Amino acid sequence: MILPAYPLFAATQLVLLGTGTPRADPQRFGPASAVVYNDNAYLFDAGAGVVRRAEAAAELHNIPALRAAQLRRVFITHLHSDHTLGLPDLIFSPWVLGRTQPLEVWGPKGTQAMVNDIEAAWNADIDIRTHGLEHGNDTGYRAIVHEIDPGFVYRDGALTITAIPVHHGSWAQAYGYRIQTPDRVIVLSGDCSPSPALIQACNGCDVLVHEVYTLAGAGQKGAGWIKYLSQFHTSTDELAGLAKKAHPKLLVLNHQLFSPGAPDAAALLKEMRRVYPYPVVSGSDLDVY
């Protein structure tokens with residue numbers, strides 16, 4: 001299948017910073033994506049290594065908005081550790097590297113408590129950096145939290161962001177996000193089992209970024225694993241059914257859970273294409289769409 005060309009220099013760019021899972025894969029950092037529009041970066045999730053991945057993307061693709069000191073906004077899908085391990089990094093590293101504005105954080109209920117605990121845990125560091133010989137500013141390490149409900153959550157000029165309620169196992173709140181600019185609509189699923197709200201949110205969107213797991217060999221880990229997957233994640237067959245209703249111009253596979261029967265991205269993509277004959281790619285760290 002020949003995929004359509006997606007320009008690296010579109011007015012609105014989607015940058016996959018980290019496409020990993022809790023697995024310690026050195027090629028896939030913790031979950032994090034960025035939408036860059038009008039020289040501003042809007043981050044979604046903060047997996048391990050998020051600031052260094054953003055710097056790598058800034059250098060590789062010449063996107064100044066992803067320089068560390070420019071990272072000022074993040075939207076969290078849910079509070080699983082693999083999606084938030086980079087939050088202290090995102091709060092403190094850009095500050096140390098020159099950011100003077102507080103980080104703004106949007107996320108589900110519990111985000112404020114998490115940020116409070118992070119600041120308390122690094123209290124000695126903050127004290128030394130602001131009152132010691134570094135003479136650091138006393139504003140750039142702060143975080144302003146917005147705990148959100150489903151629906152419209154943010155506007156910045158012509159860019160709007162909507163929180164989409166999704167089902168992610170035992171979590172009381174989990175979100176995907178719909179980002180709309182004058183030239184593109186991008187939908188990010190976050191982690192979830194098949195969630196009908198994503199169909200309506202996409203509805204012919206330019207890019208749908210969706211998590212997925214392989215069916216082949218998934219049962220080798222036992223019935224408990226299958227039960228977990230069915231409640232927390234989306235299989236290739238389920239994603240194909242959802243995407244056929246959502247009609248994205250491009251489907252990007254993210255947070256890919258492999259199994260012994262499909263142990264890598266190529267095998268997962270082959271499994272996906274058996275049931276989804278439309279443009280689909282396996283996302284990798286630092287890809288731009």
Original post:
In this structure, is Tyr228 among the hydroxyl-bearing types (Ser, Thr, Tyr) and open to solvent by 20 Å² or more (accessible area, probe 1.4 Å)?
Top reply: yes
**OP:** Return yes when Glu119 is among the charged types (D, E, K, R) and not in a helix (DSSP H, G or I) and no when it is not.
**Re:** no
Original post:
If we only count helices (runs of 4 or more DSSP H) wholly inside segment 192-287, which ones have 2 or more residues that are in contact with a His (Cβ under 9 Å, 6 or more places away or on another chain) and hydrophobic (A, V, I, L, M, F, W, C)?
Top reply: 197-202, 236-246
**OP:** Look through Ala223, Ala197 and report the one residue that is over 20 Å from Gly283 (Cβ atoms), at pLDDT below 95 and open to solvent by 10 Å² or more (accessible area, probe 1.4 Å).
**Re:** Ala223
Subject >> Verdict on Arg23 being in a loop (DSSP other than H, G, I, E, B), farther than 17 Å from Thr160 by Cβ, of a type outside the set (S, T, N, Q) and modelled with pLDDT under 95 >> reply: yes
**OP:** Tell me which of these Trp171 doesn't satisfy, since it passes every other one: (1) surrounded by 15 or more Cβ atoms within 10 Å (Cβ to Cβ); (2) not in a loop (DSSP other than H, G, I, E, B).
**Re:** (2)
Subject >> Pairs, first among the aromatic types (Phe, Trp, Tyr) in segment 257-272, second modelled with pLDDT of 90 or more, C-beta under 7 Å, six or more apart >> reply: Phe258/Thr214; Phe258/Asp264; Phe258/Leu268
Original post:
Does Arg52 fit the bill of being among the charged types (D, E, K, R), free of Cβ contacts under 8 Å to residues at least 60 places away in the same chain, surrounded by fewer than 24 Cβ atoms within 10 Å (Cβ to Cβ) and part of a helix (DSSP H, G or I)?
Top reply: yes
**OP:** Would you mention how many residues in segment 68-107 are assigned to a helix (DSSP H, G or I), farther than 12 Å from Asp45 by Cα and of a type in the set (A, V, I, L, M, F, W, C)?
**Re:** 6
Subject >> Candidates Thr162, Thr139, filtered to the one that is in a loop (DSSP other than H, G, I, E, B), of a type in the set (Val, Ile, Thr), open to solvent by 20 Å² or more (accessible area, probe 1.4 Å) and free of Cβ contacts under 8 Å to residues at least 60 places away in the same chain >> reply: Thr139
Original post:
Are there any pairs with C-beta distances below 6 angstrom linking a residue in segment 107-126 that is closer than 13 Å to Val74 by Cβ to a residue that is of a type in the set (D, E, K, R), with the two at least 6 apart or on different chains, and if so which?
Top reply: Thr111/Glu147
Original post:
Of the residues that make up segment 194-208, is at least one touching a residue at least 60 places away in the same chain (Cβ under 8 Å) and among the acidic types (Asp, Glu)?
Top reply: no
Original post:
When segment 8-35 is examined, which residues are found to be more than 13 Å from the chain's Cα centre (by Cα) and under 21 Å from Trp106 (Cα atoms)?
Top reply: Thr12, Gln13
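The values are calculated or read from the model by the stated rules, or taken from the named source; none is laboratory data. For clarity, every value in this text was computed on a predicted model and none was experimentally measured. FYI the Cβ positions are ideal-geometry reconstructions off the backbone, even for glycines, and counts take in every protein chain you see. Ligands, DNA and RNA are excluded from the accessible area calculation, which covers all protein heavy atoms including side chains. Shrake-Rupley method; radii C 1.70, N 1.55, O 1.52, S 1.80 Å.
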